[in-house]
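Below: the structure, in structure tokens.
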Amino acid sequence: MSDEEMERIVFRPLVYSGRGFYALVVLLSGLTLLGVYAYITQLSQGLIVTGMNDEVIWGIYITNFVFFIGISHAGTLISAILRLTKAEWRRPITRMAEAITVFALIVGGSMILIDMGRPDRIQNVIFFGRMQSAILWDFLSIATYLTGSFIYLYLPLIPDLARLRDKLKNVSRFKMWIYRKFSLNWKDTPEQKRRLELGIGIMAVLIVPIAVSVHTVVSWIFGMTTRAGWHSTIFGPYFVVGAIFSGIASVIIAMAILRKAYGLEKFLKPKHFKYLGLMLLTLNIAYLYFTLSEYLTTGYSGPEAEALLLEQIFGGSYATYFWIFAVFGIIIPAFILAIPKTRTIGGIVVASVMVNLGMWIKRFIITVPSLAVPQVGLEWGMYSPTWVEWAITLGAFSAFSLLFLLFSKFFPLISIWEVKEAPATSDEVSE
Amino acid sequence: MNEERRRFIKFVGLGAAGVGIGLLGFSNLSKLLTSAAALGPNDLKMRKWGMVIDLGKCTGCGACTEACQAAHFIPFNQEWIKIYELHDNPLAPSYHFPRPCMHCEDPPCRNVCPVGATFRRDDGVVLIDHRICIGCRYCMVACPYSARYFNWGDPPHTPEELAHDYSPEEPWPHQRGVVEKCDFCVTHGEKGMLPACVIGCPSGAVYYGDLAEDAVSNGKEILRVSEVMRVRQGYRFKEELGTHPRVYYLPRG
């Protein structure tokens, strides 16, 4: 591909917006505003407008929180691992993956604020914070991950911003101001290049343990309590594997949508979907293994509360959700990804959508039933989310999509300089 | 209130005279109960407020819950002391089980609180500072006894409740968006009175006192804790969790 062609394709979304774009912005903004309206309702009347109660203390806000923090692993972690292992095929997908991380963290983190009874006192976490609390661990690791991911998204953007500054004509003054300001006087000198590569290299190494810590600590919020189904030593790795699992699925879905919408077929080739699909299959099997290991150990000889919980999950009031997760979120995607005939772009995308739906349900099954188990007596807690909770959830997904959509209109989705620098391998041959 | 206090002091006096102060070993208790209000905060370390609940006497009438709700101005859906019906032995009938806050010596709720709103005083009473609580409800998730409640909406107010000066020891006026629970009526003890649930129990199943003094009272009689634990084989609920509750149960005889 020539430089001109590459730039033409990658720059196009930045200079041209069709009717579809505006329609989508209106739709997503509307749905986000619906969520905002629901949150205002909740602020004015209290959490009583939700389905949560003194037994089922956390609900789908925490489900969303775990889900979004999970898909945040998509990006930065996958991008960093592929960079560190020098997987050359990563080059066209890292930017999208890294952007998913930043936006998923912003939306996921705000779920905690939305779940709080007194969001006006959030500053107490800083002024009165106690390091003994897993919530503080979470606060610190997510803040660190967000900062790190932001830097890790920004550094490789600098040469591309400079290119936009130099080559783009007919864009708004605001956009040009961004490109000029944030390209930091980039002139593509060898010294600048050396420093940039060093910075990206350091961030790639740092981001891996930070990302692992984030979902480990999210799991510890649950694991540090004595609740049935939560008090488990494998919860840390179990959550990390689940996060990477749903993260890869999110990258695949985003890639497929953007490829279609912006005509990126020349960058995002079938092999990218195939490689990510195989990674997804690996994580699928790993997640299945962890799930089996967790349930079998507690179910075989766990305390009574654990047995009661598993009864409800496998055959009781949560069975529908569980089996939807197991069949449609794990087993069917595994076959779609394993059989070469169905491992097409279409098949891989369908599997990814199923995986993400399944993983949202799994996070629900992790959060809610353990709280519904009676700790004293026999009465199970009940929970059904209200319209406020659903509207906020819908708003969260819309806000996430909207942020990504707007990002795609300001910044190139493909890291041009990195793709250009790819060593001339047997790339085309391996197709 | 004052009359109750006088009655309590009188019964302490009568009990002391009747059974003999030295024998019961509660000379310090009566001193403590009568002069508690004058003690400084450092003296809290000398006390170990605790509770003994005689399951053999509990009829499950719910008077303790109602008395507690009235004394703390809390709505009916909050049962800081809640009566459960437990059936843990298939060969024995079910029984009533009042569950207050256990005021654990190693409280999971305190451990997980991100802002230190839940704290444990030197005398062992676990309280919540509602001026700091951020409403994350992690403490409710962590409590193995489901002893905590949340003000999901605006709590109902009364003029008397609103006129009160808030303190974690007497946590009203209540506010929305924070966690609440049994405060062990700690100001009652300091004034030489018994908690609302103890006074409210018509069958005298709930005893309260200073475990450091080895004595608890239900307002009618005084028990020597070590003695009654030995004879009745008292236990603590969910002992295996290692929370070290300050509430002891006496099984049905």
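Among the listed pairs A:Lys193/A:Lys260; A:Lys167/A:Lys269; A:Lys187/A:Lys269; A:Lys169/A:Lys266; B:Lys45/B:Lys191, which are separated by more than 29 Å between their Cα atoms?
Details: A:Lys193/A:Lys260 33 Å; A:Lys167/A:Lys269 26 Å; A:Lys187/A:Lys269 31 Å; A:Lys169/A:Lys266 24 Å; B:Lys45/B:Lys191 17 Å.
Exceeds cut-off: A:Lys193/A:Lys260; A:Lys187/A:Lys269.
In nm, to one decimal, how far is the A:Val376 label point from the B:Asp88 one, both placed 7 Å along Cα→Cβ?
1.2 nm
Any chance you could check the Cα centroid distance between region A:276-300 and region A:211-273 for me, in angstrom?
Between the Cα centre of region A:276-300 and that of region A:211-273, the gap is 13 Å.
In peptide B:106-112, what is the residue-averaged number of other protein chain Cβ atoms found within 10 Å of each Cβ? All intermediate terms of the calculation are to be shown ahead of the outcome.
Numbers: counts 0, 0, 3, 0, 3, 6, 9.
For this peptide, the per-residue mean of nearby foreign Cβ atoms is 3.
Which value, in debye to the nearest 20, gives the size of the charge dipole of chain A about its Cα centre, when Lys and Arg are +1 and Asp and Glu are -1 at the Cβ? The partial results should precede the final answer.
Details: 36 positive and 28 negative charges, 358 e Å.
That gives a dipole near 1720 debye.
Starting from the Cα of A:Val350, step 7 Å along the direction of its Cβ; do the same at A:Asp120; then give the gap between the two resulting points in nm.
For the pair A:Val350/A:Asp120, the computed spacing is 5.3 nm.
Calculate what fraction, in whole %, of the accessible area of the protein assembly as shown sits on carbon and sulfur atoms when a 1.4 Å probe is rolled over the protein chains. Working shown, then result.
On the way: 18660 of 29070 Å².
Here carbon and sulfur together make up 64 percent of the probe-accessible area.
Can you find, among A:Ala372, A:Ile331, A:Thr282, the residue farthest towards the positive end of the dipole of region A:272-414? Put +1 on the C-beta of Lys and Arg, -1 on that of Asp and Glu.
Going by the charge dipole, the pick is A:Thr282.
Any chance you could look up the accessible area of B:Leu55 with a 1.4 Å probe, heavy atoms only, rounded to 10 Å²?
Here the accessible area works out near 10 Å².
Just by accessible area at a 1.4 angstrom probe, what is the order of B:Met140, B:Met46, A:Met176 from largest to smallest?
Values: B:Met140 5, B:Met46 135, A:Met176 35 Å².
From most exposed to least exposed: B:Met46, A:Met176, B:Met140.
With solvent modelled as a 1.4 Å probe, how much accessible area in total do chains B and A shield from it at their shared surface, in Å² to the nearest 100?
On the way: alone 11990 and 20120 Å², together 29070 Å².
When B and A are taken together, about 3000 Å² of accessible area is lost.
Could you give the DSSP H helices of chain A that reach 27 angstrom or more along their long axis (alpha carbon positions) and whose average Kyte-Doolittle hydropathy is no lower than 0.0?
On the way: long enough: A:19-45 (39 Å, 1.13); A:60-84 (36 Å, 1.53); A:94-115 (32 Å, 1.43); A:134-154 (29 Å, 1.25); A:190-223 (49 Å, 0.98); A:235-262 (39 Å, 1.53); A:270-301 (47 Å, 0.40); A:345-372 (40 Å, 1.55); A:387-410 (34 Å, 1.43).
Span-like helices, by this rule, are A:19-45, A:60-84, A:94-115, A:134-154, A:190-223, A:235-262, A:270-301, A:345-372, A:387-410.
Pop the C-beta distance of A:Val15 and A:Thr189 into the FRET formula with R0 = 35 Å and round what comes out to the nearest 0.05.
Values: r = 28 Å, r/R0 = 0.79.
Computed FRET efficiency for A:Val15 and A:Thr189 comes out at 0.80.
Find how much the distance from B:Ser203 to B:His164 grows on full extension, using 0.36 nm per residue of separation minus their present alpha carbon separation; answer in nm with one decimal.
On the way: separation 39, 0.36 × 39 = 14.04 nm, distance 3.12 nm.
Full-extension gain reported as 10.9 nm.
Give me the Kirkwood hydrodynamic radius of region A:3-422 in Å, from all C-alpha pairs, to one decimal place? Intermediate values should be presented prior to the final figure.
On the way: mean 1/r = 0.0442 Å⁻¹.
Every distinct Cα pair counted, the radius reaches 22.6 Å.
Suppose accessible area is computed on protein heavy atoms with a 1.4 Å probe; arrange B:Glu213, A:Glu98 from highest to lowest. Numbers along the way, then the final one.
Working: B:Glu213 25, A:Glu98 0 Å².
Largest accessible area first, the residues go B:Glu213, A:Glu98.
Expressed as a rounded percentage, what relative contact order does region B:48-99 have, with Cα pairs under 8 Å and six or more residues apart? Show your work: numbers first, answer last.
On the way: 53 pairs, mean separation 18.5, N = 52.
Computed value for region B:48-99: 36 percent relative contact order.
I'd like the mean, over residues of A:50-58, of how many other protein chain beta carbons sit within 10 Å of each residue's own Cβ. Write out the running numbers ahead of the final one.
Details: counts 1, 0, 3, 4, 11, 2, 0, 12, 5.
Mean inter-chain Cβ contacts per residue within 10 Å come to 4.
Give me the accessible area per residue for region A:3-422, probe 1.4 Å, as a whole number in Å².
Values: 17650 Å² over 420 residues.
For region A:3-422, the solvent-accessible area averages 42 Å² per residue.
Taking a probe of 1.4 angstrom, what is the accessible area of A:Lys420 in Å², to the nearest 10?
Looks like 60 Å² after rounding.
Enumerate the amide H contacts of B:Phe150 below 5 Å, restricted to partners 5 or more residues apart or on another chain; note that Pro and chain-start residues carry no placed amide H.
Under 5 Å from the amide H of B:Phe150 lie the amide H atoms of B:Glu180, each far enough along the sequence or on another chain.
What nm distance separates the two modelled labels at A:Val205 and A:Gln45, each placed 7 Å from Cα along Cα→Cβ?
5.5 nm
Sort B:Lys220, B:Lys82 by accessible area with a 1.4 Å probe, largest first.
From most accessible down to least: B:Lys220, B:Lys82.
Using a Debye calculation, one point per C-alpha and no hydration shell, please list log10 I(q)/I(0) for region B:122-228 at q = 0.15, 0.17, 0.24 Å⁻¹ in order.
-0.78, -0.95, -1.31
Specify which residue in the list A:His272, B:His103, B:Cys61 is farthest towards the positive end of the charge dipole of the protein assembly as shown, using unit charges on the beta carbon of Lys, Arg (+1) and Asp, Glu (-1), about the Cα centre.
Checked the options; the winner is A:His272.
Mean-square fluctuation check for chain A, GNM, Cα pairs under 10 Å: which of A:Ile330, A:Ile414, A:Ile112 is largest?
Of the options given, A:Ile112 has the highest mean-square fluctuation.
For A:Ala143 and A:Glu294, compute 0.36 nm times the residue count separating them, minus their Cα-Cα distance, and round to one decimal in nm. Walk me through the intermediate numbers first.
Numbers: separation 151, 0.36 × 151 = 54.36 nm, distance 2.96 nm.
Extra length from A:Ala143 to A:Glu294 when fully extended: 51.4 nm.
When N counts the residues of region A:1-66, how does its alpha-carbon radius of gyration compare numerically with 2.2 N^0.38 Å, as a ratio?
Values: Rg = 20.8 Å, N = 66, 2.2 N^0.38 = 10.8 Å.
Cα Rg divided by the expected 2.2 N^0.38 Å: 1.93.
If I ignore ligands, DNA and RNA and count only protein heavy atoms, how much of A:Thr297 is accessible to a 1.4 Å probe, in Å² to the nearest 10?
Looks like 90 Å² after rounding.
The values are calculated or read from the model by the stated rules, or taken from the named source; none is laboratory data. Given the structure is predicted, the values throughout are model-derived calculations rather than measurements. Every residue, glycine among them, receives a Cβ derived from its backbone with ideal geometry; neighbour counts consider all protein chains shown. SASA here: full protein model, heavy atoms, side chains in, ligands and nucleic acids out. Shrake-Rupley method; radii C 1.70, N 1.55, O 1.52, S 1.80 Å.
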